[in-house]
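Below you'll find the structure, written out as structure tokens, and then a few comments.
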Amino acid sequence: MSFKTTSEVPKQIRAAIGRMRRAVQRHFMIDGIKNILLALLVLIIIDFALDRTFRMDRPQRLIMLILSVSIVGYVVYRKLLEPLLSQLSDDALMIELEEAEGGMDEVLISALELSRMDIGGNENVSIKMVENTINEGAAAASKVSIESAFRRKRMRANMLVLMSVLLCFAVGGIFASRDEVLKIWYKRNVLLSDISWPSNYVLQLSGYKDGKIRVPRGEDWSLLVSVKEDHKELPSSVIFEYRYEKGKRKSTESMTPNSAGDEFRSSVIDTSEPLKLRVRSKEYETEWVPMELVDRPKVENFSISASYPGYTGLGEQVLSIDEGPYNLLNGTSIKITGAVNKSLRSASITVGGVVHPLEVVGNEFTGSLSKEQVVSGMYEVDVEDLEEMGSSEGGNSVGLGLRERSRFKIRIQNDRKPKVMVSVEGVSGLIVPGAMIPYEGKVEDDYAVEEIEIKYSWKEDQGEREEVAGSLVPDNLVKFLGKKEIPLNGEFDLNGLDIPLNSRFSMLFSAKDNNEVSGPNVGESTRILLRVVGEAELRTDLLRREKEQRQILLELVKKQDLLLTDTGALAAELLDIDILGRSEKERLAELQKRQKLLSVNINNIVKRLDGMVSEIINNRLEDDDGILKQRLRQKVIVPLGSLVDEVIPVAALELDSSRRILEKDSRNESMRVAGQFQVTALEVMKEVLVHMVRNEGYQQAVNLLYEIQRAQERMNKMTAKAKEESLSNVVREKEEQNNANEEQKDGINELKKDNAKKSDN
């Protein structure tokens, strides 16, 4: 008998090997599943702890998920697939079985090996012994308990661990279905959703919308983080992290909280290139949020036009952008137009805290402000483009405005009142009741003068009479009304006003403009005050002033005489001098200066006396050929005027020529001529002075005669008035007597009637 193949292995041993192989495979499967679940449980616990503690972001959670899957995959391969796919030999199974059973002294492995041996030609081997060994092994194989051996050694422990792990998963599944925390972990770490862990507060990023933050390009920007209103507590600190897309630069900083601790602001960061950012705290963190850089709109053109009130006649005018601030008249409305380089959502203009919306069409804006809305202040024009930079409190999208608002300043000016400038000529502080007051000046207004009038009043110095007032419109000015400038040239005749003597008379010019917005403005001239006196008092005053001018002329005569002496002395010194020195030139210049000053003073006398002549005319003291006027003009004003115009200028000119001429003879000739004209001037001045002295007594006599005449007239008026009053008394007494007689007659008639009645009775 020969044994050479496994087919000849006893069936009992083959059956034992089969059972052992299946038992080993079950062991591998249970052990593998145990290790897989155990690894999975550990990874879940680690991932949960890490994410719950550090609140990992999505990339970190993705890495953990990949790592966990890799570990689990590795355990599946090493602890489950590799053992199951391994080919265990029969010998190994028998050895494993004998070790598991114990006390078999390798009978199984010996029987297995002998049954596969080819011993037919081997004389050294006992066939009987081999058969006995195989039979013994087959008998042992039929009795061995494989399941008992594995349960005792390993199965019990594996099953215990497996059941424990399964129990953990079962409990975890139950809690996961009910506990929100486990659900969040599952969504965050398995599904990789952006759900956040439960927190006592929620951080909100300003400008966050649609998963990003939009920021104006190239501007200083800082992130504002606020705590949502329904918070249970506030974070102790918030960390701000950002990294640029180019260069992979990353920065981390602690944000600055406000006093309440519910808002945090970062430092200013560079927004010239895109970046990503996030914020985190102990209990809360955001995802990495991309920052999108957006260009602000830019103004391409802008214009302002002003519509002035109709009464000004200015119409509508375009204001130059470069010439502000603008001074606009009250009642002016404005129109604003402009365009930017982007389509607009809205536009507005703000002044004094009041926002006025503008109409928007595409990238253009326009609007008007009425005269009531146009006020003094700084005007700011701003726009909002169609960019969605965030949301307002009402939930509406908010766009970008201008980097710098278009600004202009307006000053509202009220229409100025007319400017009235007028003076009286030809009268002094004293006038007679029938005087004529000449006036001269002009009225100016910004736009038009609609009305001019003279307002006058008077009040007596003594007594308790009330002030009398009135007004009139000069006929000669009516034709100028409606113009911006009106000349005031005319005369105010007091005849017919019956102004009593010793009264204070005042007058002024009043002008109204054509202001239709706030009402006409009224401008007035300076009030002119005059005193109304009798002719005698005025004549006396004129005589007094003439004496004052005579005294001034007397002093000038003395100065002219001294000047003539000094000129003659200097001329004598210069006769033999060839070249004038500095001292001589200065003396000549001084003489010329003194001569000119004398001329100025004489001219002042001429003006004052000429004014006195005008007073005589305007107060109607004399006719055109009156003695006083003729004397002053012919004997005083005309001679002195000729000195100022003809004589003294020649003397001054010759003195100046003497200083400049180099040739001696010519210089001496100029000095001689200057002296001659000085002599002429002195003679004329003395002659005028003698005339004024000679006529003072005559004028006093004239004034006295006039005063007597006026007194006689007053006496005649008083006599006539007395006669009139006496006659009135006589007439009144006669009337009273006649009335008494009539009453007596009526009484007698009544008595006669009574007597007749008694007789009848």
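Can you list residues from other chains, or at least 5 along the same chain, whose modelled amide H is less than 5 Å from the amide H of ARG405?
none
Semi-axes of the equivalent ellipsoid for the stretch 502-595, please: Cα gyration tensor eigenvalues, times 5, square-rooted, ordered largest first, whole Å. Intermediate results must be reported in sequence, preceding the final value.
On the way: eigenvalues 625, 146, 7 Å².
Rounded to whole Å, the semi-axes are 56, 27, 6.
Once you sort the root eigenvalues of the Cα gyration tensor of the stretch 590-654 as a ≥ b ≥ c, which label holds: rounded (a/c under 1.5), prolate (a/b larger than b/c) or oblate (the other case)? Walk me through the intermediate numbers first.
Values: a/c = 4.93, a/b = 2.72, b/c = 1.81.
Note, shape of the stretch 590-654 comes out prolate.
With no solvent and one equal point scatterer placed on each C-alpha of the stretch 344-403, evaluate the Debye formula and give log10 I(q)/I(0) for q = 0.19 Å⁻¹, two decimals.
Values returned for q = 0.19 Å⁻¹ are -0.75.
So for the pair VAL72, GLU663, with labels modelled 7 Å out along Cα→Cβ, what separation do we get in nm?
Result: 13.5 nm between the two label points.
Give me MET421, MET389, MET671 sorted ascending by neighbouring Cβ count inside 10 Å, so fewest comes first.
Details: MET421 14, MET389 19, MET671 24.
In increasing order of surrounding Cβ atoms, one gets MET421, MET389, MET671.
What ranking, highest mean first, results for peptides 268-276, 190-198 when packing means the other Cβ atoms within 10 Å averaged over each residue?
Working: 268-276: 15.6, 190-198: 12.6.
Going from most to least packed, we get 268-276, 190-198.
Give me the extension gain from SER397 to LYS593: residue separation times 0.36 nm, minus the current Cα-Cα distance, reported in nm with one decimal. Write down the numbers at each step before the final one.
Details: separation 196, 0.36 × 196 = 70.56 nm, distance 8.66 nm.
The SER397-LYS593 span can extend by a further 61.9 nm.
For LYS250 and SER272, compute 0.36 nm times the residue count separating them, minus their Cα-Cα distance, and round to one decimal in nm.
Numbers: separation 22, 0.36 × 22 = 7.92 nm, distance 1.51 nm.
Extending this stretch completely gives an extra 6.4 nm.
Per-residue HN-Hα couplings for the stretch 264-273, Karplus 6.51 cos²θ - 1.76 cosθ + 1.60 at θ = phi - 60°, whole Hz, x for Gly and Pro?
For the stretch 264-273, the Karplus-derived couplings read 9, 10, 8, 6, 6, 10, 6, 10, 7, 9 Hz, x marking Gly and Pro.
What is the local net charge at PHE54, summed over the other residues whose Cβ is closer than 15 Å to its Cβ (Lys, Arg +1; Asp, Glu -1)? Don't skip to the answer; put the middle values down first.
On the way: positive: ARG52, ARG55, ARG58, ARG61, ARG188, ARG278, ARG280, LYS282; negative: ASP47, ASP51, ASP57, GLU241, GLU283, GLU285, GLU287.
Summing Lys/Arg as +1 and Asp/Glu as -1 gives +1.
Taking each pair of different alpha-carbon atoms in the stretch 203-294 once, compute 1/r for the pair, average those values, and report the inverse of that mean as the Kirkwood hydrodynamic radius in Å to one decimal.
Details: mean 1/r = 0.0741 Å⁻¹.
That comes to 13.5 Å for the stretch 203-294.
Taking the stretch 419-533, how much of its Cα-Cα pair set, in percent, is spaced more than 24 angstrom apart? Could you put the intermediate results ahead of the total?
Values: 1906 of 6555 pairs.
The answer is 29 percent, as a whole percent.
Set the Förster distance to 45 Å, then compute FRET efficiency between THR53 and ILE321 from the Cβ-Cβ distance, nearest 0.05. Numbers along the way, then the final one.
On the way: r = 62 Å, r/R0 = 1.38.
FRET efficiency, THR53 to ILE321: 0.15.
Of ALA652, ILE617, ALA572, whose Cα points farthest to the positive end of the dipole of the stretch 570-667 (charges on the beta-carbon: +1 Lys, Arg; -1 Asp, Glu; origin at the Cα centre)?
ILE617
So, counting K/R as plus one and D/E as minus one, what does the shell of residues with Cβ under 10 Å around LYS417 add up to? Don't jump to the answer; show the numbers that get you there.
On the way: positive: ARG416, LYS419, LYS512; negative: ASP415, ASP445, ASP446, ASP513, GLU524.
My count for the surroundings of LYS417 gives -2.
For a quick check: sort ASP47, ASP415, ASP566 by the number of other beta carbons within 10 angstrom, fewest at the front. Let's see the in-between values first.
Numbers: ASP47 20, ASP415 23, ASP566 15.
Arranged by neighbour count, lowest to highest, ASP47, ASP415, ASP566 become ASP566, ASP47, ASP415.
Note down the nm distance, to one decimal, between modelled labels 7 Å out along Cα→Cβ at TRP197 and at LEU166.
Here the answer is 3.3 nm between the modelled labels.
By per-residue mean of other Cβ atoms within 10 Å, what is the highest-first order of 313-320, 530-537, 378-385? Kindly include the intermediate steps, with their values, before the conclusion.
On the way: 313-320: 12.0, 530-537: 18.9, 378-385: 20.5.
Descending mean neighbour count gives 378-385, 530-537, 313-320.
Which residues among the stretch 196-219 fall inside the zone where the amide N is under 20 Å from a point 7 Å beyond the Cα of GLU380, along Cα→Cβ?
216-217, 219
If I model a spin label as a point 7 Å beyond the Cα along the Cα-Cβ vector, how far apart are those points for TYR208 and ALA572 in nm?
11.6 nm
On a full-extension model of 0.36 nm per residue, what is the gain between LEU554 and GLU229, subtracting their alpha-carbon distance, rounded to one decimal in nm? Don't skip to the answer; put the middle values down first.
Values: separation 325, 0.36 × 325 = 117.00 nm, distance 10.23 nm.
Working it through step by step, the gained length comes to 106.8 nm.
Over the stretch 375-520, calculate the relative contact order: mean separation of alpha carbon pairs under 8 Å at least 6 apart, over the residue count, as a percent. Kindly include the intermediate steps, with their values, before the conclusion.
Details: 275 pairs, mean separation 36.1, N = 146.
It comes to 25 percent, rounded to a whole number.
Counting other C-beta atoms within 10 Å, which of ARG55, ARG660 has the fewest, and how do the rest follow? It would help to have the intermediate numbers written out before the result.
On the way: ARG55 20, ARG660 11.
Starting with the residue having the fewest Cβ neighbours, the order is ARG660, ARG55.
Computed from the coordinates by the stated procedures, all read-outs in this text should not be read as laboratory data. What you see is a predicted model; the values in this text were computed from it and never measured. Methodologically, a virtual Cβ is constructed for each residue, glycine included, from the backbone with ideal geometry; neighbour enumeration extends over all protein chains shown.
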